[in-house]
Amino acid sequence: MFKCKCPWCGEKTYLAHFGRKLSKVPPKWYETTRYVLVCPYCNGIVKQNPKHLLWILLFLPLFALLFFDIVIEMKPWNVTELHWGLLALGALGAYIVVFTAKLEKSSDP
């Protein structure tokens, strides 16, 4: 897997080793719960950079194609190769998000 660097103490650790605790800030309307990541070394609250997570949008064309396949039920092109290509594009986005994760300090109490 990959190691992330804590922005508070600078220690490198795996993302799975970060703890979670409930935030004192109430959840927003689109959140069910509000947990924050906590560094296992310094107990500092960290969050993932939201701009970094935009790579996950590479899955959007695959979901759009699957939606149109279900709704329209027309196959005017050879969708098998297109599905595999879009799946590879989405896998590339997931790879970029997971293996190059950036953390930043959070002021959340």
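The values are calculated or read from the model by the stated rules, or taken from the named source; none is laboratory data. Everything numeric in this text was worked out from a predicted model, so none of it was measured. Cβ placement follows ideal geometry from the backbone for every residue including glycine, while neighbour counts extend to all protein chains displayed.
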(request) Please enumerate the residues belonging to the range 48-70 that are of a type outside the set (F, W, Y), at pLDDT 75 or above, surrounded by 15 or more Cβ atoms within 10 Å (Cβ to Cβ) and under 21 Å from E104 (Cα atoms). (result) Q48
(request) Please name all residue pairs, on different chains or six or more residues apart, with Cβ atoms under 7 Å, provided the first residue is in the range 51-63 and is over 15 Å from Y95 (Cα atoms) and the second residue is aliphatic (A, V, I, L, M). (result) P61/L86; P61/L89; L62/L86; L62/L87
(request) Would you be able to tell me the number of residues in the range 88-109 that are of a type in the set (D, E) and more than 15 Å from C4 (Cβ to Cβ)? (result) 1
(message) Please go through the range 23-32 and give me each residue that is among the hydrophobic types (A, V, I, L, M, F, W, C) and loosely packed, with under 10 Cβ neighbours inside 10 Å, ordered by number.
(response) W29
(request) Tell me which residues, restricted to the range 22-52, are in a strand (DSSP E or B) and within 23 Å of V98 (Cβ to Cβ). (result) Y35, V36, L37, V38, I45, V46, K47, Q48
